[in-house]
Amino acid sequence: MEQTYSVTGMTCQGCVASVQEKLSNVDGILDVRVDLEKGQATTEMSKTISLAQLQSALPAKYVISEKSNVASTPVSAEEKSKWGQLRPLFLIFAYLFATAFLLNYKDWSTSEAMLDFMGLFYIVFSFFKFLDLKGFPESFRMYDPLAKALPPYGWMYPFMELALGLMFLMRFWIPIALWVTVIILGITTIGVTKALLDKKSIRCACLGTALNLPMTEATFIENTIMLIMAAYMLFQ
């Protein structure tokens, strides 16, 4: 069953991520969707959960109260479609592939095109993370094992992406950049895989918190593409 609650105390996307994470960990919660503008959280439950139990799961700064039952309220096709929600991600990948191709088509080199793609990937994705540098670590730690165990890593990650992007585009210390890519994206992919296998409904932080992207198989594919490219470059 579905239930919508009012949530006060949320001021940024970091708050959204925190509320979503805490409620998702409550036993019996199958899915959580948090809307900052409306100040509400919509939960899908496998059993009845008391308001007191939900409140106890949240930090003291957030106050949750009953709003309305929406079990029979239809949602739009866009909300139902993961592909619709992930359209910005697909568009970005299309632009990155096209740009890497155009930079190299006159004197084609697969390796050079891959390096350009990887550099542009890191630059663009770090840009979106910098839009909400405060909220990103909270979202990232929801599925990245290292960010969860070592919180400062979440704060460092956007800067690491920016540095890696510059290294690839400037052809600077490429072997080191490739190994770092394999390590950090390998760790993230482990977390993404676990989240997908556990069927957790959480937000993907790959484009920061500026865009509300769900964690789907597309996130796994995105990381896998980068890992394959890095492995190819290392062992060719």
Handout entry: Per-selection metrics, the range 80-200 (Cα): Rg and Dmax in Å
Key = 15.5, 46
Completion exercise
The ratio Rg/Rh over the Cα atoms of the range 9-57, Rh being the Kirkwood inverse mean 1/r radius, stands at 0.95
Exercise for the section: Wrap a convex hull around the Cα atoms of the chain, take a quarter of its surface area, and give that in square nanometres. Expected result: 13.5 nm²
Exercise for the section: Distance check, please: which entries in K38/K134; K148/K199; K61/K199; K38/K199; K47/K134 exceed 30 angstrom between their Cα atoms? Expected result: K47/K134
Fill in the blank from the handout: Heavy-atom accessible area of the chain with neighbours in place, 1.4 angstrom probe: carbon+sulfur share in percent works out to 64 percent
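The values are calculated or read from the model by the stated rules, or taken from the named source; none is laboratory data. Just so it is clear, the structure is predicted and the values come from calculations on it, not from any experiment. These accessible areas exclude ligands, DNA and RNA; they are computed on the full protein's heavy atoms, side chains included. Shrake-Rupley method; radii C 1.70, N 1.55, O 1.52, S 1.80 Å.
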